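Below: one structure, written as structure tokens.
The values are calculated or read from the model by the stated rules, or taken from the named source; none is laboratory data. These numbers come from a predicted model, not from an experiment. Ideal geometry is used to build each Cβ from the backbone, glycine not excepted, and the neighbour counts take in all protein chains shown.
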Amino acid sequence: MAQEHVQIFDTTLRDGEQVPGCKLDTKSKLIIAERLDVLGVDILEAGFPVSSPGDFNSVVEISKLVKNATVCGLTRAVENDIKVAADALKDAKRPRIHTGIGTSEFHIKYKFNSNKDAIIERAIAAVSYAKSFVKDVEFYAEDAGRTDNEFLARVCEAVIKAGATVLNIPDTTGYCLPEEYGAKIKYLKENVTGIDKAVLSCHCHNDLGLATANSIAGINNGARQIECTINGIGERAGNTSLEEVVMILRQHPYLKLDTKIDSKLLYSTSQMVSDLMGMIVQPNKAIVGTNAFAHSSGIHQDGVIKNRETYEIINPHDVGVTESAIILTARSGRAALAYRAKNIGYELEKLQLDKVYQEFLKLADTQKEITDKDIPTIIKASNIGLI
Ligand code: KIV
Ligand code: ZN
């Protein structure tokens, strides 16, 4: 089945790094950038070069290092930002400048004390100036999620005429509902003259836990780029999680949309970013959390032991996790205990298992989890003569 390509724009090193307390030095950024390139991201946002000499330097070094991905630098709609970004990107094989301005009433009135026409003028000027340095210019309409669609369409049309190749429609505050965000993308597809000259991009924040759902709604309505981060890290509640959108498309092939991410590297990449940033991954995080493939209730364990697909929609190997885990707790059943005992060399017959299971429950009620080390002790205590 022919799949249409959705570009993955990774912003772990820019929006992701805006997490308080998770700043990365250039060395760590280079390690992550190299991994993201191997993972198969299409675009790698390396930083915001004007923001600090350290960030400038990181963008310079990442530009030299990255072999395949487009390397992108963020700017405001300010000449000096754009000039500095162009400078930082000069060694990139495929440089992209990402410039933009706030377009919602909140931003126009309170951030810029400006008006709609003046915002459009600044947007055009920024894109035109960025175009004087690089071919590939992405424009972001900050707070597009709360920008009225008619004005957003005017902005998009103007920046396409000025040469923007990608239109980023950020739900900066994570406010939109999926149907609302999807309808916004559809509206732009249907109402912006010249829209076929540009790629629409989803950049969704997770303030209401809807970043992934909104991004999928965006691509289902014609966007073809998703901006995301490893582990969904980012400002406040974070950004769209890369591993989630990639696996949603893989697990739903009838959508006929796919990325070129090597999904087998997802788990190790998640761990790498978590270690280097000192930011743990919540255990129940979809795809890469330690519990994502762990089963602890008896009913689920029995099903998974008979056939993994009874309770798993993703093969753990596909995301680089060695195997599903059968965790032994007081909620586990005989099937799980027999399975774990067999794994360490104890084959239990039915009557033996009944006895061992009684001992197991006694211990399981006193501790959170029963480990491989506890199993021989339980078998011995059950007096079945095996040990
Ligand atoms: O969330 C946002 O609006 C952004 C832009 C700067 C692209 O991160
Ligand atoms: Zn953002």
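Taken together, the residues in segment 202-212 that are within 17 Å of Val19 (Cβ to Cβ), surrounded by 24 or more Cβ atoms within 10 Å (Cβ to Cβ) and not aliphatic (A, V, I, L, M) amount to 3. Scanning segment 133-144 for any residue that is of a type in the set (Val, Ile, Thr) and either closer than 29 Å to Lys67 by Cα or modelled with pLDDT under 95 (or both) turns up at least one such residue.
For Glu61, the conditions (1) in contact (Cβ under 8 Å) with a residue 12 or more places away in the chain; (2) more than 30 Å from Ser263 (Cβ to Cβ) are fulfilled apart from (2).
So which residues in segment 105-149 are outside any helix (DSSP H, G or I), within 16 Å of ligand 2 (Cβ to nearest atom) and more than 14 Å from Val166 (Cβ to Cβ), if there are any at all? Quick ask: steps written out before the conclusion?
Restricting attention to segment 105-149, the residues satisfying the condition of being outside any helix (DSSP H, G or I) are 112-115, 132-143, 147-148.
Pick out the ones that are also within 16 Å of ligand 2 (Cβ to nearest atom) and you get 138-143, 147.
Of everything in segment 105-149, those that are outside any helix (DSSP H, G or I), within 16 Å of ligand 2 (Cβ to nearest atom) and more than 14 Å from Val166 (Cβ to Cβ) turn out to be Glu142, Asp143, Thr147.
Quick one: how many residues across segment 27-49 are part of a loop (DSSP other than H, G, I, E, B) and either within 16 Å of ligand 1 (Cβ to nearest atom) or hydrophobic (A, V, I, L, M, F, W, C) (or both)? Give the derivation first.
Quick first cut of segment 27-49, residues part of a loop (DSSP other than H, G, I, E, B) only: 40-42, 48.
Within this subset, residues satisfying the condition of being either within 16 Å of ligand 1 (Cβ to nearest atom) or hydrophobic (A, V, I, L, M, F, W, C) (or both) are 41, 48.
Qualifying residue count for the region: 2.
On the given criteria, is Ser263 among the hydroxyl-bearing types (Ser, Thr, Tyr), away from ligand 1 (no atom under 16 Å from the Cβ), under 24 Å from Leu208 (Cβ atoms) and in the same structural domain as Cys202 (by TED's automatic domain parsing)? Criteria not met by Ser263. For segment 265-278, the condition of being touching a Gly at 6+ places or on another chain (Cβ under 9 Å) and over 26 Å from Lys27 (Cβ atoms) holds for none of the residues.
Counting only residues that are within 15 Å of ligand 2 (Cβ to nearest atom), modelled with pLDDT of 95 or more and over 14 Å from Ala217 (Cβ atoms), segment 232-259 holds 9 of them.
Among the listed residues Ala286, Ala294, which satisfies the condition of being without any contact (Cβ under 8 Å) to a residue 40 or more places away in the chain and more than 16 Å from ligand 1 (Cβ to nearest atom)? Spell out how you get there, then give the answer.
Values: Ala286 fails: without any contact (Cβ under 8 Å) to a residue 40 or more places away in the chain.
On inspection, the qualifying residue turns out to be Ala294.
In segment 193-212, the residues that are charged (D, E, K, R) form Cβ pairs under 6 Å with partners that are part of a loop (DSSP other than H, G, I, E, B) and more than 11 Å from ligand 1 (Cβ to nearest atom), at six or more places apart or across chains, as follows: Asp207/Ala237. If you check Gln282, Gln301 for being crowded, with 16+ Cβ neighbours inside 10 Å, of a type outside the set (Phe, Trp, Tyr) and either outside the structural domain of Val41 (by TED's automatic domain parsing) or not in a loop (DSSP other than H, G, I, E, B) (or both), only one passes: Gln301.
For segment 10-17, check the following and say yes or no: at least one residue is hydroxyl-bearing (Ser, Thr, Tyr) and within 16 Å of ligand 1 (Cβ to nearest atom). Scanning segment 10-17 turns up at least one residue that is hydroxyl-bearing (Ser, Thr, Tyr) and within 16 Å of ligand 1 (Cβ to nearest atom).
Scanning segment 165-189 for residues that are out of contact with any Lys or Arg (no Cβ under 9 Å at 6 or more places or on another chain) and within 11 Å of ligand 1 (Cβ to nearest atom) turns up Asn168, Pro170.
Within segment 5-26, take every residue that is in a loop (DSSP other than H, G, I, E, B) and more than 16 Å from ligand 2 (Cβ to nearest atom) and give me the one that is surrounded by the most Cβ atoms within 10 Å (Cβ to Cβ).
That would be Val6.
Residues in segment 62-76 that are within 16 Å of ligand 1 (Cβ to nearest atom) and either in contact with a His (Cβ under 7 Å, 6 or more places away or on another chain) or polar (S, T, N, Q) (or both): Thr70, Cys72, Gly73, Leu74, Thr75. In segment 213-244, the residue that is surrounded by the most Cβ atoms within 10 Å (Cβ to Cβ) out of those that are in contact (Cβ under 8 Å) with a residue 60 or more places away in the chain, of a type in the set (Val, Ile, Thr) and part of a helix (DSSP H, G or I) is Ile230. Among residues belonging to segment 131-161 that are of a type in the set (Asp, Glu) and closer than 21 Å to Phe112 by Cβ, point out the one that is nearest to ligand 1 (Cβ to nearest atom). Result: Glu142.
Here is a check on your reading of the model: is Asp42 within 16 Å of ligand 2 (Cβ to nearest atom), crowded, with 18+ Cβ neighbours inside 10 Å and in contact (Cβ under 8 Å) with a residue 60 or more places away in the chain? First the steps, then the outcome.
Working: within 16 Å of ligand 2 (Cβ to nearest atom): no; crowded, with 18+ Cβ neighbours inside 10 Å: yes; in contact (Cβ under 8 Å) with a residue 60 or more places away in the chain: yes.
When the stated conditions are applied, Asp42 does not pass them.
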